[in-house]
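These notes are about the structure you will find just below.
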Amino acid sequence: MQKRYEIFADYHQFYLWDHGEMPDAALDYTEEDLQLRVKTAPFLVVIQPERNMSVPVELDILDGPPDEALDLWDHVVEASLDLPSGRLEIHECTGGSIDILSVAPGTYRVRACFGGLTTLTDDRLDGEDHYRLVLWPAPAAPLAVIKQFAGAR
């Protein structure tokens, strides 16, 4: 399954969560969380785009791990997401639900890819940044930075 969205990343964030659990997204953030650009909590993955604006997001749900070159991306992080209801919700921080997708209930790995991070203007309002999320069934594992962007946050 592949979907494309324009997601309003108010407060530099949007969420992937289990629709049945409806977790509380009000989390405390550390400097490390900001550098990782992804934060997790039970039934929740927070994606933290560079711009506090609408951003293009591509979402793929696969049967297994993706086999793609990561050299096209500036920053890549993987995290686990438990979806016991089998309903993945994509939710804006302040704008509400974007989509609810049916998936097999279980635990998924989420790969968050951040591209075009060097294209942002000084005021961080315009740019060609773009985001790709890939989910596949996988056992729970700790958050892992595959590729760290060295630019300022």
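The values are calculated or read from the model by the stated rules, or taken from the named source; none is laboratory data. Since the model is a prediction, treat every value here as computed from it, not as a measurement. Because the Cβ atoms are built from the backbone with ideal geometry, glycine has one as well, and the counts that use them run over all protein chains shown. Just the protein is used for accessible areas: all its heavy atoms, side chains included, with ligands, DNA and RNA removed. Shrake-Rupley method; radii C 1.70, N 1.55, O 1.52, S 1.80 Å.
Cβ-Cβ contacts under 6 Å between residues 6 or more apart (or on different chains), taken from a first residue in region 49-70 that is more than 16 Å from Tyr108 (Cβ to Cβ) to a second residue that is assigned to a strand (DSSP E or B) and basic (Lys, Arg), are listed as Glu58/Arg4; Glu58/Arg132; Leu70/Lys147. Counted as qualifying within region 22-86 are the strands (runs of 3 or more DSSP E) with 2 or more residues that are within 23 Å of Met1 (Cα to Cα) and among the aliphatic types (A, V, I, L, M), namely 44-47, 54-61, 75-83. Considering each residue of region 71-89 in turn, at least one proves to be open to solvent by 20 Å² or more (accessible area, probe 1.4 Å), at pLDDT below 95 and not aromatic (Phe, Trp, Tyr).
Confirm whether Gly96 is exposed (fewer than 15 other Cβ atoms within 10 Å of the Cβ) and over 24 Å from Asp10 (Cα atoms). Spelling it out, it is not the case that Gly96 is exposed (fewer than 15 other Cβ atoms within 10 Å of the Cβ) and over 24 Å from Asp10 (Cα atoms).
Residue by residue, here is whether (1) out of contact with any Gly (no Cβ under 7 Å at 6 or more places or on another chain); (2) open to solvent by 70 Å² or more (accessible area, probe 1.4 Å); (3) without any contact (Cβ under 8 Å) to a residue 24 or more places away in the chain holds:
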{"site": "Leu101", "(1), (2), (3)": "yes, no, no"}
{"site": "Gly116", "(1), (2), (3)": "no, no, no"}
{"site": "Thr121", "(1), (2), (3)": "no, no, yes"}
{"site": "Ala138", "(1), (2), (3)": "yes, no, no"}
{"site": "Gln148", "(1), (2), (3)": "yes, yes, no"}
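Of all residues being among the charged types (D, E, K, R) and modelled with pLDDT of 95 or more in region 130-153, which is farthest from the chain's Cα centre (by Cα)? Just the residue, please. The selected residue is Lys147. When Tyr5, Tyr11, Tyr29 are screened for being of a type outside the set (S, T, N, Q), at positive phi and surrounded by fewer than 21 Cβ atoms within 10 Å (Cβ to Cβ), only Tyr11 passes.
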